[in-house]
């Protein structure tokens, strides 16, 4: 299993870290020892919405080799949905088994054409924008087959734990949840 965590300028760090932490524990806690991941970007150096600098491990490489692609949200999505070069790069994930997003990352999935005929969610302030691409569902995590979306920034942990169960099993997810001391059910 190979995962691409996508980052971009002005993304929300917790959207990324909230999903990244529980999912990578699948490997570090020996539930999926063959799990691999990359931090993928369209640019060499990325600055989140607060000025925190991130260095991706893969830059502008096609996303075709990944089983799962996860896209965070953040204020940067508002310009990226109209950036044809970035969206064309995201479209290289078309053959990936599952695409997931946190918050306004779903707008990027929508702009890439992955939400046609699907149900998805995002931060409530962006429900109107998301309606351009799909049927909007007001839930913390929405699973519509090969597309899994989550609501606002705090739902990133729920998405990460949900994906832990989907990639491994309920028991692994629960052990990881308890190790993280995450109380939400």
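How many angstrom separate the Cα center of segment 143-174 from the Cα center of segment 67-115? One Cα centre to the other: 17 Å. Inter-label distance, residue 36 to residue 83: 2.7 nm, where each label sits 7 Å from its Cα along the C-beta direction. Packing, as the average of other Cβ atoms within 10 Å across residues, places the peptides 112-123, 40-51 in the order 112-123, 40-51, highest first. Each residue, residue 47 and residue 135, gets one label point 7 Å from its Cα in the Cβ direction; the gap between the two is 4.2 nm. Judged by the mean number of other Cβ atoms found within 10 Å, the most tightly packed of the peptides 96-103, 74-81 leads the ranking 96-103, 74-81. Per residue, the average separation of C-alpha pairs within less than 8 Å and at least 6 apart gives segment 37-173 a relative contact order of 18 percent.
Contour minus end-to-end for residue 2 and residue 179, with contour as 0.36 nm per residue of separation and end-to-end as the Cα-Cα distance? Write down the numbers at each step before the final one.
On the way: separation 177, 0.36 × 177 = 63.72 nm, distance 2.33 nm.
Extra length from residue 2 to residue 179 when fully extended: 61.4 nm.
Checking the a/c ratio against 1.5 first, then a/b against b/c, what shape does the Cα gyration tensor give for segment 80-122? Judged from the Cα gyration tensor, segment 80-122 comes out oblate (a/c at least 1.5, b/c at or above a/b).
Throughout, read-outs are computed from the coordinates displayed, never taken from laboratory work. Bear in mind that the values here come from a model prediction, so they are computed numbers and not experimental data. Cβ: placed from backbone, ideal geometry, glycine included. Neighbour counts: every protein chain shown.
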